[in-house]
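Working notes, beginning with the structure itself.
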Amino acid sequence: VQLQASGGGVVETGGSLKLSCTASEATRGIHSIAWYRQPPGEQRSFVAGISSDGSTHYTPSVEGRSTFSRDDAKNTIHLQMDSLKPEDTAVYYCSLVDYSSGNDYWGKGTLVTVSS
């Protein structure tokens, strides 16, 4: 499975972006899919995603101003991010864990830069 992330860019503080991640094929088994981010010089961390039981989770720093969604017909997930802050600046990656095969997949990432 290949994941392609898009939608990053440069935005001013308070602005919005919608990130998308499209998988090359549908995942039919038990899986989780999520967004992670890696700020410059820092480690990658979880942002938002859907776990294997179908529940949606957000890291506290984005909860309330971000919305995770999925379009299974298009094998695509989205992350709508509003009220962006400079600390949201990072490369955003999408990740898919297929529990049926035990494999995990990562997209190449899309850069979000929030100017102050």
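The values are calculated or read from the model by the stated rules, or taken from the named source; none is laboratory data. Since the model is a prediction, treat every value here as computed from it, not as a measurement. Neighbour counts are summed over all protein chains in view; Cβ atoms, including those assigned to glycine, are modelled from backbone coordinates with ideal geometry. Keep in mind that these areas ignore ligands, DNA and RNA; they rest on the heavy atoms of the full protein, side chains included. Shrake-Rupley method; radii C 1.70, N 1.55, O 1.52, S 1.80 Å.
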request  = Taking trypsin sites (Lys or Arg not before Pro) as candidate sites, keep only those in a DSSP loop with at most 12 other Cβ atoms within 10 Å, then name the longest stretch of the chain containing none of them.
outcome  = 29-107
query = Between residue 115 and residue 99, what is the spin-label point distance in nm, taking each point 7 Å from the Cα along the Cα→C-beta axis?
reply = 4.4
query = Can you list the GluC sites (Glu not before Pro) in region 15-116 that are in a DSSP coil and have 15 or fewer other beta carbons within 10 angstrom?
reply = 25, 42
remark   = Taking a crude spin-label model, label points 7 Å out from Cα along the C-beta direction, the residue 53 to residue 65 distance in nm is 2.9
task = Using a 1.4 Å probe over the heavy atoms of the protein chains, calculate the carbon and sulfur portion of the accessible area of the chain as a whole percent.
result = 46
